[in-house]
Structures are given as structure tokens and as C-alpha cells.
Amino acid sequence: MSEAMVELSTDQQLADKKAHAIDMQSLGRVKQDLDIESETTCLDISGLDLFYDDKQALYDISMNIPQKRVTSFIGPSGCGKSTLLRTLNRMNDLVDGCRVSGKILLDDQDIYAKGVNVADLRRRVGMVFQKPNPFPKSVYENVAYGLRIQGINKKRILDEVVEWALKGAALWDEVKDRLHESALGMSGGQQQRLVIARTIAVEPEVLLLDEPASALDPISTLKIEELINDLKSKYTIVIVTHNMQQAARVSDYTAFMYMGKLVEFGDTDSLFTNPKEKQTEDYITGRYG
Amino acid sequence: MRIGLKNWYKSGEPWVWLNAGAVAISIIMVVGLLALIAVRGLGHFWPADIIKANYTVPGQESKVIAGEIVESEEVSAQRLRDAGIAISAEESEFFERQLIKVGNRDIYGSDFQWILPAFLESIEFSENIMVVERREWGNFYGFLKEVREGDRVILDDKPLWESFQQRIARAEGIHDDIYEIEKHQIGRINAALERLRLKERRLELESKLTNTAQAQLQLERAELQQEYKQLEKRLGELYQQFNQDYFVAETVDGRQVTLSIGSVVRAFQPNAMSLPDKVAHYGDKVWEFVADDPREANTEGGIFPAIFGTVMMVILMSVIVTPFGVIAAVYLREYAHQGVVTRMIRIAVNNLAGVPSIVYGVFGLGFFVYFMGSTIDETFFPEALPAPTLGTPGLLWASITLALLTLPVVIVATEEGLSRIPRSVREGSLALGATKAETLWRVVLPMASPAMMTGLILAVARAAGEVAPLMLVGVVKLAPSLPLDGNYPYLHLDQKFMHLGFHIYDVGFQSPNVEAARPLVYATALLLVVVIAILNLSAVAIRNHLREKYKALEV
């Protein structure tokens, strides 16, 4: 239901923007001189195929996701960008009949190798979902959850980390007086930032954001985008978004996907202003329905 | 303006009326049912006025009767004529007939008598007429003549009634002491002696019964015997005091009886009582009903052991069924591969809910009691054999049988709850590095707890009212002691117990004194409803609290 609505609004946006390429300057973006070749690789994806039962969803994806940069995946609905994101911390394992071949290296370790501790991987590669999903616990317990899982129960440590994580997610000032109230009483934007705080509390290396702002109002969206900017000095961030302006605003690198294939991957400035592929150009100028 | 029938039909109005009607009927039925059992049951405890009159049926000898009117009905004149009562033909077709509780079963042979009020003469409500509730033989109705201590007639300046009441109170005090000694102290010694016997037997079976062990046992036994001797002596004294006072009373038809004051529970003169007196008496009687042991084959006194047994059994059942049901549901929903086998298991579980309860009783008796019970006896309690310990119907087996009976409800409700937990919350937990088990334990199960409580509520509602299987696996009409007491091991899972549902059946249909028991059937039924309502409401309160805690999170 909500998925459909998001699609609808995206379609309308696309219709409005028809024949308008993204104007990078108007987004307040400072042109960066980035080169994918000179970056340190964080996640090395090579030859990745993914099947849901017999249906192939990803075709031979190969890309290097650079460290401590923001990489965004864009593309039309159903192109496989969320699927690709979820392979990065093996969330797809939860789907029945999902099969993966190819390699994803994190620190030269194949995350799909046998004997990999999936829980440990997911702690290193944190994920924030489209809809805020706080636990029905207090704000404090939400943030402390990941630590408690690791067996850290010392109040002094928890207090410190909770404060640090909430400050990191730019939420501390809003919630410091109601840490022990239910997280479910907060607004959607606050909840999403709480989820981000919860994720960074376990100090992951990579943050996967799956359309983190699509269920939020513009002001909350802005706050999340500012937060992404703050966080990129510490974490490698991968963000999936429907919204091309958002990708253009927040990301350093952008990957355009279409029908389960990686069409083009490069630094955001070049991809939006000077796409190499025809498909990419058609998409960012709104020629896809 | 006339609206056509078709339009009216199309407007949906008939369905609204139909629904409203159905709801109204349901409410009327529930309220009516409760009102009926409440009125019938609670009216029993009211101290009704005692009527005294001459009763002269044409063609029979005149006699004086006294008692309280219990109910009345209409009978046809023909039936009365057939019964040998000469009624002239020109009188009306139907006669009113009243059931009078005349008491004095030891004298008249029966507590109740049907009379025709048309033939009552010189009706009076004498203030002096008294009702004596006795520990045996039911009520006595009559006049107090004198009070005796042994053979000596008490003649002091106090009114006779007052000194009678004083002596009843004194006897009641002694009775309490006797009860305390017989039930608790001697009970404790008996339990200890039994434990010693079993210990000896166990040593014997393990061929470890050395002379020193035997001497030790003998010593302990002698100590207990000594204690018992003392108690017995004290008991003898108490009984002597207890039986020292007598009273002489005269029935309305002039027969004199001498009765021990020790046999009196309470005596009162309803015709002389003011309204506040009656209310106080009524409260007393209701409290006795709720808090006391039964007397006289369950037709008098209270039903506390039955309430206690019911609640105890339901609590034990809940404690057993919840973990099993939840674990089964978690496995089925979270871990098992969703395929043909799980579908078959689900069908089996659902069908289990449709099996008639008596079948569970038979299964419980055959499998739990006879098979498991006797195996446990042979393994763990060989010293008590051939007397069974767990190899006989009892509280444990009754609770387990009912747990089995209610298991499907808990499984289905829990599964329902688990399936409603949004996927996003599970993923949130997994994405933080929690394993599936940690996610289940810390997030999913707490969120599903309201659903589990719903299952438990349904289970309690079903189990508390169930009687048929219990008759086979542990309920008796009169249990000598409560399943929870001060003797080691305190909670006696092997004991048989009393149950309100079975009590209703027993009092209503197995009682030697049906007329006396009938109001108690209503009162007990009311109490059963109240007990189940309380159990349910407390579970609902817990569930609502949990729901409040885990609400929101739009799916």
C-alpha cells in the first residue's frame, strides 16, 4: 500500500521533471573532484548474481564501494537496488529461496564464504530501513539494544554509548529528558534518527540506508540528509533512494541500476551531468515512465 | 410517503434490526441466566420467617407444623384426590401447594413436607420459635426449654436464650481448638509418621536397613508417638468439655428432645430478628458458604475446598500449558520449514481442539495416570507400593490433562500473535547483529505476549468450566484436605481435590437430600461463574497492560 503510494508520487515527480536534467548547482552542491580509482575500497562486489527461486534478480554486478564515502543506488522501482543493498549484510538470507553467487569482499573476506558469522557481519554492516522500526521499548533501551546483545550490561558504559550515539544521530537534545519513555511516542523523523543512533551505537564500519527518508516529511528528510553528511567522515555509507535530487545532494558516488543490472557507476557529479550511458541519461532526465 | 419494501430492504435497515435483535437476545440471555442463579442461590441464605400453624387435611388427623416456606406450585385437584385427600368436587380445579422446610430430620424422618395452605389454621409467627443449625441431622425447629450442664439445670438470672447463646459460643471455641488439633497437629504427626514408614521401607528395599538406622527411626517414631499421646490426652479433655452442655427443646407438636450443645453450629429466632440482624446473619451465612468446609454430604456449610481446588487446578494448568503452547507455536511459526508437514501438524492441532473433553479424560486416565503415574511410582516411589503415589488420579494429572485440552487454543493464539509482528521489527533487530534466537527472545516474544495472554484467557475459560474429564483424573466429591498445606512437601500434586463444577453435579444429582441441596446448586453455580470471571478478568487486565506497552507500530 505505502509502496504503491511512493511509486505514484515518484511518477508524478518524474512527470513534472520531464526533460529537466538535475541542476546540480541549484541543489547547493559543491563540485567535488573525485576519482573512483584513487579511493580505498570498502566492499568489493564481483560477479554477483542473485536468484529468487528460478527468477534472477541481479545480473553479474561488479563494483567497488569506496570507504568513508556516500554511495547511492538509484534506478526505477524493481530494478534490484534494494536487493543489492540487502546482499551487503546478508539480509536476503531471510528470504526463502534466495540464492547468491559471486563474491562480496569486506576487508578481503568473502561475506558469503562458509563459516562466516552472519550476526557479526551484520554488526559490522548496519542497516536502516525504509520505515522507522524502533522496538517497543524506551529510547534508551532501543539504543542500548545492540550492546546488550553483545553482552554489555554495565550501566556506565551503556549510558556513555547511548549519549554518544544519540548525539551522533543529532537526536540527543530532543530526547535527553525522555530517555526512558517509549520510543513509539516519537515522530517519524525522530524515530528514523533513533534507528540510525541505534545502528551507530554498535559502531559498524558500513551503514546501509534503504530509502531512509521516503516515509518522512521534507523537514525530517532534510535532517536525515544533514546527518548523512555528518556521518560520512566516520562510516562508509550506502544509500538506496528513489529520489534523484536526494542522491545528487548527499552522495559522492552513484550507481544507476536497471532491470537487475548495474548500468553505470561513477562519481555523482559526472553521472548526473555527463552520463556515459544512454539509459542513465534517459532516467535522470525523466524519460522513463 | 410510503417507502417500498424493496427500498427498505436495500437500505440495509433489516440487517441492522437483525443484528440489534441478536445482540439484545444474547444480552438478555446472559443477564437472565445470571439473575436466575443469583436469585435462587443467594436467597437460600436469608433467614426466612418461621410459620407455625395447625394443619388439618379433611379426613386426616390434625397436626401442628412449623417451618419456612421454600416454594409453592399449583397442582390439579384430581391429583390431590388421587393422593387420598378428600376435596369436595365443587372447589376450584387447581390448588396451591407449598413446600415447607420443617427440619427435625431425626424426628420426622424428612426435612421437607408438602402442604396445602388452604387447610392451614391459626397461623402465627411466634417470636420464641428458634432455628438450630446442627452439625448433623439438619436444622431443628422448636422452642427452647432449658439448658443443662451435665445433669444440672442451669438457672441463673440471665434470660434462658442468652445463656444458651453463651454456651454455644463456648462450644464453638472448643470446636475450633479440636479442629486445629485434629486437622493440623495430628495431621502433621501422621504425615511425619508416614514419611518415617516410607523411609524405613525405602531403606529396606535398598537393603540398607541397619540396626543403627532402625534404632534411629524407632527413636523418631517414639518421639512422635509421645507427642501424639499428649495431643490425644488434650483432645480427650476438650471433648469432655465440648460435650458437657445440653439443651432441652420442644418441637411444635410437643415432643421433647435433649441435644448436646456441641452439636449446634448456630441458633437464632428469625421471627424476633430485626432487619439489620437478618442482614448480619445473611452476611455470616454467605461468608460461611465461601470460606468453610462442607458439612452433611455437601448439603450444608461452605464450599471453600472446591473453590480452592478449582483455582489451584486452573493456575497449575496455566503454568503447564503456557510454556508448551508457546514453544510449540514458536517452533511451528519461526523455525519449522513451512511445508506439508507443518500444515499437517497445524490441522492436527486444530482438530485437537474439537475432540470431546471426556475423551481427554479417558486418555488422561489411561496414559497419564495408569501408564506414566505407575512408571513414576515404580521408579521414584517404590517404598509406597502397592499403594500408588502418582499412579492414581490427582491434582497433577488433572492439570496436565486440562493443559493438553487447552493446548491448541494457546498454540493457535500465539501463532496468530507471532505472525502479526511486523517483519521490519525483526529485521531491525537482526540488522544490529542479533541472532534469530536473540531477536525472538528480546523483541518478538515480548511483542507477542498479549496474544499469548489471549490464548491463556481462552484456555482458562475453557478449563475452569470443564468437569467431565476431571471426574476421571482427580476430582472427588469430598477431599479430606486441601492440596496446599503446612505439611512437607506443602503442595500435594498427588492428592485428589474438589472442584466447583463437579460439586454442582454432586450436590444437585448425587445428594441424599435433594430438596436441601437445590439452592446450593444455584449458589455454587453462581460462585463458579464468579470464580471464572475473576480468573478471566485478571488475565484480561494483564493482557491489556501488555498491549498498552507494546502497542503502536502500525503494521
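For this structure, a couple of remarks:
- Of all residues in the stretch B:182-202 being of a type outside the set (D, E, K, R) and within 25 Å of the chain's Cα centre (by Cα), the one that is surrounded by the fewest Cβ atoms within 10 Å (Cβ to Cβ): B:H184
- Of the residues making up the stretch B:376-420, just one is within 14 Å of chain A (Cβ to nearest Cβ) and surrounded by 22 or more Cβ atoms within 10 Å (Cβ to Cβ), namely B:G417.
- Looking across the stretch A:82-114, the residues that are on the phi > 0 side of the Ramachandran plot and touching a Leu at 6+ places or on another chain (Cβ under 9 Å) come down to A:R90, A:G102.
- Helices (runs of 4 or more DSSP H) enclosed by the stretch A:212-289 - at least 3 residues per element that are surrounded by fewer than 19 Cβ atoms within 10 Å (Cβ to Cβ) and out of contact with any strand residue (DSSP E or B) (no Cβ under 8 Å at 6 or more places or on another chain): A:218-231, A:278-284
- Test result for A:G189, at positive phi, free of Cβ contacts under 8 Å to residues at least 60 places away in the same chain and away from every other protein chain (no Cβ under 14 Å): no
- Residues that are in contact (Cβ under 8 Å) with a residue 12 or more places away in the chain and within 12 Å of chain B (Cβ to nearest Cβ) were ranked within the stretch A:95-118; the one that is farthest from the chain's Cα centre (by Cα) is A:G97.
- Each residue in the stretch B:500-552 was checked for being within 14 Å of chain A (Cβ to nearest Cβ) and either part of a helix (DSSP H, G or I) or crowded, with 19+ Cβ neighbours inside 10 Å (or both), and 6 pass.
- The residues of the stretch A:131-157 that are assigned to a helix (DSSP H, G or I) and either aliphatic (A, V, I, L, M) or surrounded by fewer than 20 Cβ atoms within 10 Å (Cβ to Cβ) (or both), listed by number, are A:V139, A:Y140, A:V143, A:A144, A:L147, A:R148, A:I149, A:K155, A:R156, A:I157.
- The set of residues in the stretch B:247-284 being in contact with a Pro (Cβ under 9 Å, 6 or more places away or on another chain) and under 20 Å from B:N104 (Cβ atoms) consists of B:F268, B:P270.
- Total residues in the stretch B:328-347, condition modelled with pLDDT of 90 or more and out of contact with any helix residue (DSSP H, G or I) (no Cβ under 9 Å at 6 or more places or on another chain): 6
- Scanning the stretch B:289-346 for residues that are within 23 Å of B:R462 (Cβ to Cβ) and not in a helix (DSSP H, G or I) turns up just one, B:I303.
- Filter pass, B:Q218 being in contact (Cβ under 8 Å) with a residue 40 or more places away in the chain, in a helix (DSSP H, G or I) and either over 29 Å from B:D377 (Cβ atoms) or out of contact with any helix residue (DSSP H, G or I) (no Cβ under 7 Å at 6 or more places or on another chain) (or both): no
Listed here are the residues, each with its yes/no results for (1) at pLDDT 90 or above; (2) touching a strand residue (DSSP E or B) at 6+ places or on another chain (Cβ under 8 Å); (3) of a type outside the set (G, A, S).
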{"site": "B:V425", "(1), (2), (3)": "no, no, yes"}
{"site": "B:E466", "(1), (2), (3)": "no, no, yes"}
{"site": "B:G474", "(1), (2), (3)": "no, yes, no"}
{"site": "B:S481", "(1), (2), (3)": "no, no, no"}
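- Whichever residue in the stretch B:408-462 is under 35 Å from the mean Cα position of the chain (by Cα) and of a type in the set (S, T, Y) and, among such residues, is nearest to B:V326 (Cα to Cα): B:T414
- Neighbours by Cβ (under 6 Å, 6+ apart or cross-chain): first from the stretch B:181-198, farther than 15 Å from B:Y490 by Cα; second among the small types (G, A, S): B:L198/B:A384
- Qualifying residue in the stretch B:427-436 (condition: touching a Phe, Trp or Tyr at 6+ places or on another chain (Cβ under 7 Å), in a loop (DSSP other than H, G, I, E, B) and away from every other protein chain (no Cβ under 12 Å)): no
- Set side by side, the residues A:V195, A:V206, A:V162 differ, and just one is at pLDDT 85 or above and in contact with a Cys (Cβ under 8 Å, 6 or more places away or on another chain), which is A:V206.
- Verdict on B:E466 being surrounded by fewer than 21 Cβ atoms within 10 Å (Cβ to Cβ) and not hydroxyl-bearing (S, T, Y): no
The values are calculated or read from the model by the stated rules, or taken from the named source; none is laboratory data. Just so it is clear, the structure is predicted and the values come from calculations on it, not from any experiment. Virtual Cβ from ideal backbone geometry, glycine too; neighbours counted across all protein chains shown.
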